[in-house]
1. Scan (1) farther than 21 Å from TYR220 by Cα; (2) surrounded by fewer than 19 Cβ atoms within 10 Å (Cβ to Cβ); (3) not aromatic (Phe, Trp, Tyr) for the single condition ALA132 breaks and write down its number.
2. List the helices (runs of 4 or more DSSP H) that sit entirely inside segment 3-92 and contain at least 3 residues that are surrounded by fewer than 20 Cβ atoms within 10 Å (Cβ to Cβ).
3. Residues HIS96, HIS90, HIS113: which one is in contact with an Asp or Glu (Cβ under 8 Å, 6 or more places away or on another chain) and either modelled with pLDDT under 95 or not β-branched (Val, Ile, Thr) (or both)?
4. Suppose we filter ASP20, ASP25 for residues that are more than 29 Å from GLN229 (Cα to Cα), at pLDDT 95 or above, out of contact with any His (no Cβ under 8 Å at 6 or more places or on another chain) and of a type in the set (Asp, Glu); which single one remains?
5. Determine if segment 177-200 includes at least one residue that is within 21 Å of ALA84 (Cα to Cα), touching a residue at least 40 places away in the same chain (Cβ under 8 Å), in contact with a Cys (Cβ under 6 Å, 6 or more places away or on another chain) and not polar (S, T, N, Q).
6. Hey, could you check segment 93-141 for residues that are among the small types (Gly, Ala, Ser) and not in a helix (DSSP H, G or I) and say which is farthest from THR21 (Cα to Cα)?
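The values are calculated or read from the model by the stated rules, or taken from the named source; none is laboratory data. Quantities reported herein were computed from a predicted structural model and do not represent experimental measurements. Positions of Cβ are generated from backbone atoms using ideal geometry, with glycine treated the same way; all protein chains shown enter the neighbour counts.
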Amino acid sequence: MNAQVPAAFFDQNMVRSAVDTVLTDFLASQTHEAHRRGLPRQAAQALSSFLGAGGKRIRPVLCVAGWQAAGGTGAPDPVLRAAASLEMFHASMLIHDDIIDASDTRRGRPTVHRTTSTEAAILIGDLALVLADELLHSAGLTPDQLTAALPVTNALRADTVYGQCLDLSHTGQPTAGLDQALAITRYKTAKYTVEGPLLLGAALAPTPGSHTCRPALTAYGIPVGEAFQLRDDLLGVFGNPDDTGKPALDDLSGRFVR
(Lines give C-alpha, C1' and ligand atoms only; values in the text may rest on other atoms or scores of the structure.)
Protein backbone atom coordinates (compact mmCIF):
# COMPACT_ATOMS: atom_id res chain seq x y z
CA MET A 1 0.00 0.00 0.00
CA ASN A 2 1.35 3.42 -0.97
CA ALA A 3 1.30 5.71 2.06
CA GLN A 4 2.70 8.79 0.31
CA VAL A 5 2.00 12.15 1.95
CA PRO A 6 0.99 15.06 -0.35
CA ALA A 7 3.77 17.46 -1.27
CA ALA A 8 1.86 20.65 -0.49
CA PHE A 9 2.57 20.76 3.23
CA PHE A 10 4.07 18.99 6.22
CA ASP A 11 1.39 17.61 8.49
CA GLN A 12 2.78 15.70 11.46
CA ASN A 13 -0.44 13.81 12.05
CA MET A 14 -0.55 12.77 8.41
CA VAL A 15 3.03 11.51 8.64
CA ARG A 16 2.23 9.55 11.80
CA SER A 17 -0.82 8.00 10.18
CA ALA A 18 1.16 7.06 7.07
CA VAL A 19 3.96 5.53 9.16
CA ASP A 20 1.40 3.55 11.17
CA THR A 21 0.00 2.21 7.89
CA VAL A 22 3.47 1.14 6.79
CA LEU A 23 4.14 -0.63 10.09
CA THR A 24 0.75 -2.33 10.22
CA ASP A 25 0.97 -3.61 6.65
CA PHE A 26 4.59 -4.69 7.03
CA LEU A 27 3.98 -6.66 10.23
CA ALA A 28 0.82 -8.23 8.82
CA SER A 29 2.93 -9.44 5.93
CA GLN A 30 5.60 -10.75 8.32
CA THR A 31 2.97 -12.60 10.37
CA HIS A 32 1.48 -14.16 7.25
CA GLU A 33 4.89 -15.19 5.96
CA ALA A 34 5.82 -16.79 9.28
CA HIS A 35 2.57 -18.75 9.26
CA ARG A 36 3.11 -19.82 5.63
CA ARG A 37 6.54 -21.18 6.50
CA GLY A 38 5.32 -22.98 9.60
CA LEU A 39 7.21 -20.63 11.93
CA PRO A 40 5.90 -19.10 15.19
CA ARG A 41 3.85 -16.08 14.17
CA GLN A 42 3.36 -15.03 17.79
CA ALA A 43 6.59 -13.03 17.75
CA ALA A 44 5.47 -10.78 14.89
CA GLN A 45 2.01 -10.54 16.43
CA ALA A 46 3.45 -9.45 19.79
CA LEU A 47 5.56 -6.85 18.03
CA SER A 48 2.53 -5.60 16.10
CA SER A 49 0.57 -5.33 19.35
CA PHE A 50 3.42 -3.43 21.00
CA LEU A 51 3.69 -0.92 18.15
CA GLY A 52 -0.07 -0.56 18.00
CA ALA A 53 -0.29 0.37 21.68
CA GLY A 54 0.76 3.95 21.02
CA GLY A 55 3.86 6.05 20.70
CA LYS A 56 4.44 9.57 19.45
CA ARG A 57 6.33 8.52 16.28
CA ILE A 58 8.80 11.33 16.96
CA ARG A 59 11.64 9.71 15.04
CA PRO A 60 9.76 9.10 11.79
CA VAL A 61 8.32 12.63 11.89
CA LEU A 62 11.80 14.09 12.34
CA CYS A 63 13.14 11.91 9.54
CA VAL A 64 10.58 13.42 7.16
CA ALA A 65 11.43 16.87 8.55
CA GLY A 66 15.11 16.23 7.75
CA TRP A 67 14.18 15.13 4.24
CA GLN A 68 12.28 18.36 3.66
CA ALA A 69 14.94 20.51 5.33
CA ALA A 70 17.44 19.16 2.80
CA GLY A 71 15.21 19.96 -0.15
CA GLY A 72 12.97 16.90 -0.39
CA THR A 73 9.32 17.43 -1.29
CA GLY A 74 6.37 15.89 0.55
CA ALA A 75 6.99 12.42 1.93
CA PRO A 76 7.15 9.76 -0.80
CA ASP A 77 6.57 6.14 0.13
CA PRO A 78 10.28 5.12 0.20
CA VAL A 79 11.04 7.95 2.62
CA LEU A 80 8.10 6.99 4.83
CA ARG A 81 9.24 3.37 4.90
CA ALA A 82 12.78 4.41 5.81
CA ALA A 83 11.29 6.64 8.53
CA ALA A 84 9.17 3.73 9.77
CA SER A 85 12.32 1.62 10.15
CA LEU A 86 13.38 4.04 12.88
CA GLU A 87 10.20 3.27 14.82
CA MET A 88 10.89 -0.44 14.45
CA PHE A 89 14.40 0.06 15.83
CA HIS A 90 12.91 2.14 18.65
CA ALA A 91 10.58 -0.75 19.51
CA SER A 92 13.58 -3.06 19.79
CA MET A 93 15.32 -0.68 22.20
CA LEU A 94 12.19 -0.19 24.32
CA ILE A 95 11.47 -3.90 24.65
CA HIS A 96 15.03 -4.59 25.76
CA ASP A 97 15.12 -1.50 28.00
CA ASP A 98 11.98 -2.67 29.80
CA ILE A 99 13.75 -5.94 30.57
CA ILE A 100 16.81 -4.08 31.88
CA ASP A 101 14.64 -1.84 34.08
CA ALA A 102 12.31 -4.68 35.15
CA SER A 103 9.39 -2.49 34.09
CA ASP A 104 5.87 -3.81 34.46
CA THR A 105 4.09 -1.43 32.09
CA ARG A 106 4.78 0.55 28.95
CA ARG A 107 2.25 2.90 27.31
CA GLY A 108 -0.31 1.85 29.87
CA ARG A 109 -0.05 -1.84 29.03
CA PRO A 110 1.98 -4.74 30.44
CA THR A 111 5.47 -4.87 28.98
CA VAL A 112 6.35 -7.55 26.47
CA HIS A 113 8.36 -9.60 28.97
CA ARG A 114 5.35 -9.59 31.33
CA THR A 115 2.91 -10.80 28.69
CA THR A 116 5.30 -13.43 27.33
CA SER A 117 8.54 -14.14 29.20
CA THR A 118 11.94 -12.53 29.54
CA GLU A 119 13.42 -15.01 27.09
CA ALA A 120 10.67 -14.43 24.53
CA ALA A 121 10.89 -10.65 24.92
CA ILE A 122 14.62 -10.71 24.21
CA LEU A 123 13.91 -12.59 20.99
CA ILE A 124 11.02 -10.29 20.03
CA GLY A 125 13.29 -7.29 20.58
CA ASP A 126 15.91 -8.96 18.40
CA LEU A 127 13.27 -9.60 15.74
CA ALA A 128 12.35 -5.89 15.77
CA LEU A 129 15.99 -5.03 15.10
CA VAL A 130 16.15 -7.47 12.18
CA LEU A 131 12.87 -6.16 10.77
CA ALA A 132 14.07 -2.55 11.09
CA ASP A 133 16.89 -3.47 8.76
CA GLU A 134 14.58 -5.30 6.37
CA LEU A 135 12.15 -2.39 6.30
CA LEU A 136 14.96 -0.01 5.38
CA HIS A 137 16.40 -2.26 2.68
CA SER A 138 12.99 -2.97 1.17
CA ALA A 139 11.85 0.66 1.31
CA GLY A 140 12.32 1.21 -2.40
CA LEU A 141 15.22 3.63 -2.01
CA THR A 142 17.53 4.20 -4.94
CA PRO A 143 21.03 2.69 -4.71
CA ASP A 144 22.45 6.16 -4.04
CA GLN A 145 19.91 6.79 -1.29
CA LEU A 146 20.63 3.46 0.38
CA THR A 147 24.38 4.08 0.18
CA ALA A 148 23.88 7.45 1.87
CA ALA A 149 21.45 6.08 4.47
CA LEU A 150 23.40 3.08 5.75
CA PRO A 151 26.25 4.95 7.48
CA VAL A 152 23.68 7.13 9.25
CA THR A 153 21.53 4.24 10.45
CA ASN A 154 24.53 2.11 11.41
CA ALA A 155 26.00 4.93 13.51
CA LEU A 156 22.61 5.70 15.04
CA ARG A 157 22.07 2.10 16.14
CA ALA A 158 25.61 1.58 17.41
CA ASP A 159 25.61 4.85 19.36
CA THR A 160 22.34 3.88 21.05
CA VAL A 161 23.72 0.53 22.19
CA TYR A 162 26.95 2.15 23.36
CA GLY A 163 24.86 4.67 25.28
CA GLN A 164 22.99 1.84 27.00
CA CYS A 165 26.32 0.23 27.87
CA LEU A 166 27.56 3.52 29.32
CA ASP A 167 24.40 3.79 31.37
CA LEU A 168 24.78 0.30 32.78
CA SER A 169 28.49 0.63 33.47
CA HIS A 170 27.98 3.79 35.53
CA THR A 171 24.93 2.65 37.49
CA GLY A 172 25.36 3.39 41.18
CA GLN A 173 28.59 5.31 40.53
CA PRO A 174 27.83 9.03 40.92
CA THR A 175 30.39 11.39 39.41
CA ALA A 176 31.41 14.85 40.55
CA GLY A 177 30.63 16.49 37.22
CA LEU A 178 27.97 16.39 34.53
CA ASP A 179 30.13 15.24 31.64
CA GLN A 180 29.49 11.53 32.09
CA ALA A 181 25.76 11.96 32.64
CA LEU A 182 25.47 14.13 29.55
CA ALA A 183 27.49 11.63 27.51
CA ILE A 184 25.04 8.89 28.50
CA THR A 185 22.10 11.13 27.60
CA ARG A 186 23.67 12.06 24.28
CA TYR A 187 24.49 8.54 23.12
CA LYS A 188 21.60 6.66 24.73
CA THR A 189 18.86 8.98 23.47
CA ALA A 190 19.75 12.31 21.84
CA LYS A 191 21.46 10.88 18.79
CA TYR A 192 18.80 8.35 17.84
CA THR A 193 15.81 10.41 18.92
CA VAL A 194 16.47 13.72 17.16
CA GLU A 195 19.82 14.08 15.42
CA GLY A 196 19.92 10.65 13.75
CA PRO A 197 16.40 10.81 12.27
CA LEU A 198 17.04 14.33 10.94
CA LEU A 199 20.32 13.22 9.36
CA LEU A 200 18.73 10.11 7.86
CA GLY A 201 16.02 12.19 6.21
CA ALA A 202 18.62 14.64 4.89
CA ALA A 203 20.75 11.76 3.55
CA LEU A 204 17.83 10.64 1.40
CA ALA A 205 17.31 14.04 -0.20
CA PRO A 206 18.44 14.39 -3.83
CA THR A 207 19.71 17.96 -3.62
CA PRO A 208 23.05 19.54 -2.59
CA GLY A 209 21.22 20.82 0.47
CA SER A 210 21.44 17.33 1.94
CA HIS A 211 25.11 17.99 2.67
CA THR A 212 25.08 21.67 3.51
CA CYS A 213 22.32 21.46 6.11
CA ARG A 214 23.74 18.56 8.13
CA PRO A 215 25.82 20.70 10.55
CA ALA A 216 22.72 22.75 11.31
CA LEU A 217 20.66 19.61 11.88
CA THR A 218 23.29 18.30 14.32
CA ALA A 219 23.53 21.66 16.10
CA TYR A 220 19.77 21.56 16.58
CA GLY A 221 19.34 17.84 17.16
CA ILE A 222 21.83 17.17 19.95
CA PRO A 223 20.63 19.77 22.50
CA VAL A 224 16.96 19.08 21.73
CA GLY A 225 17.58 15.35 22.12
CA GLU A 226 19.37 15.93 25.42
CA ALA A 227 16.48 18.06 26.66
CA PHE A 228 14.05 15.33 25.60
CA GLN A 229 15.91 12.71 27.65
CA LEU A 230 16.31 14.94 30.69
CA ARG A 231 12.57 15.62 30.68
CA ASP A 232 11.90 11.91 30.26
CA ASP A 233 14.14 11.18 33.24
CA LEU A 234 12.21 13.67 35.37
CA LEU A 235 8.90 12.14 34.32
CA GLY A 236 10.30 8.68 35.04
CA VAL A 237 10.91 9.66 38.66
CA PHE A 238 8.22 12.23 39.42
CA GLY A 239 5.64 11.71 36.65
CA ASN A 240 2.09 10.46 37.07
CA PRO A 241 1.89 6.86 35.78
CA ASP A 242 -1.57 7.62 34.38
CA ASP A 243 0.09 10.17 32.08
CA THR A 244 3.40 8.44 31.35
CA GLY A 245 1.99 4.92 30.91
CA LYS A 246 4.66 3.37 33.15
CA PRO A 247 5.31 3.25 36.90
CA ALA A 248 7.44 5.97 38.47
CA LEU A 249 10.98 5.02 39.56
CA ASP A 250 11.29 2.10 37.10
CA ASP A 251 14.45 3.58 35.62
CA LEU A 252 15.99 3.71 39.09
CA SER A 253 14.62 0.59 40.76
CA GLY A 254 15.31 -1.65 37.81
CA ARG A 255 19.01 -0.95 38.14
CA PHE A 256 19.12 -2.32 41.68
CA VAL A 257 17.05 -5.50 41.36
CA ARG A 258 19.33 -7.23 38.88
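1. Checking ALA132 against (1) farther than 21 Å from TYR220 by Cα; (2) surrounded by fewer than 19 Cβ atoms within 10 Å (Cβ to Cβ); (3) not aromatic (Phe, Trp, Tyr), the one that fails is (2).
2. 12-36, 42-52
3. Matching residue, one of HIS96, HIS90, HIS113: HIS113.
4. None of the others qualify; the one that does is ASP25.
5. Within segment 177-200, one or more residues are within 21 Å of ALA84 (Cα to Cα), touching a residue at least 40 places away in the same chain (Cβ under 8 Å), in contact with a Cys (Cβ under 6 Å, 6 or more places away or on another chain) and not polar (S, T, N, Q).
6. Only one residue fits best here, namely ALA102.
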